[in-house]
Amino acid sequence: MDCRRFEINLISASDLECVRKRFKMKVYAVVTVGDKQETEKQTPVDKENETNPAWNFTFRYTVGERALNQDGVMIVIKLYCSRTLGDRYIGEVRISIRELYSQAMENGGSITLKKNVQRGGSDATQGQLQFACSFGEKVIIEPPPPGSPNVWKKGAKVLLAVILNLVGVGVPLFLDDDSASKSESPIV
């Protein structure tokens with residue numbers, strides 16, 4: 001399958017609506033590609049900058065060429081305030097991956113943007129989100145056959161990484177890019 005590496009770096013947000021009355025805002029972002037739950041990834045929580053959080057945190061995906069040329073595949077970046085009694089939604093940015101791809105390719109494969117953060121169906125702006133994205137060269141990824149040992153091995157590594165991340169040990173999901181490209185499922 002023809003694919004491209006896609007990186008999105010969430011740099012910062014500014015002038016977000018304060019959703020807390022008593023305590024400091026502690027903001028994090030959640031990225032989802034193509035409404036697929038398995039693509040969901042989260043930044044660390046910025047505990048210092050309140051309504052102007054800064055992360056400079058990069059996520060890496062593999063995206064099928066077909067997804068890059070469809071209008072309906074969206075990247076959704078939701079912002080939340082971390083709270084002890086349940087996190088509070090601040091707002092989100094939605095952008096077509098096709099739109100990002102065409103803009104980035106006009107600029108040599110990468111682009112930095114500022115987009116308005118919106119809440120629900122409202123046109124009111126809740127601040128701005130700054131992010132950069134880049135698209136790599138075309139690569140061909142062959143999916144492993146169902147039930148192959150590599151799939152089980154990969155699944156065990158991902159499960160271990162998720163568990164370690166939940167207990168506070170920061171471990172990347174893919175330890176090296178080669179192992180990811182051999183068995184990674186692209187977003188189509």
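How high is the FRET efficiency from residue 125 to residue 7, r the C-beta distance, R0 25 Å, rounded to 0.05? Between residue 125 and residue 7 the formula returns 0.40.
Quick one: in segment 2-138, what % of C-alpha pairs are over 18 Å apart? For segment 2-138, the fraction of Cα-Cα distances above 18 Å is 53 percent. Size descriptors for segment 29-84 (Cα atoms only): Rg and Dmax, in that order, 13.6, 41 Å. From the alpha carbon centroid of segment 123-137 to that of segment 50-80 is 8 Å. Between residue 58 and residue 22, the FRET efficiency estimated from the beta carbon spacing at R0 = 45 angstrom works out to 0.85.
Bear in mind that the values in this text are calculations on the coordinates, not laboratory data. Model, not experiment: these values are computed from the prediction. Note that we place each Cβ from the backbone using ideal geometry, even for glycine, and neighbour counts take in every protein chain shown.
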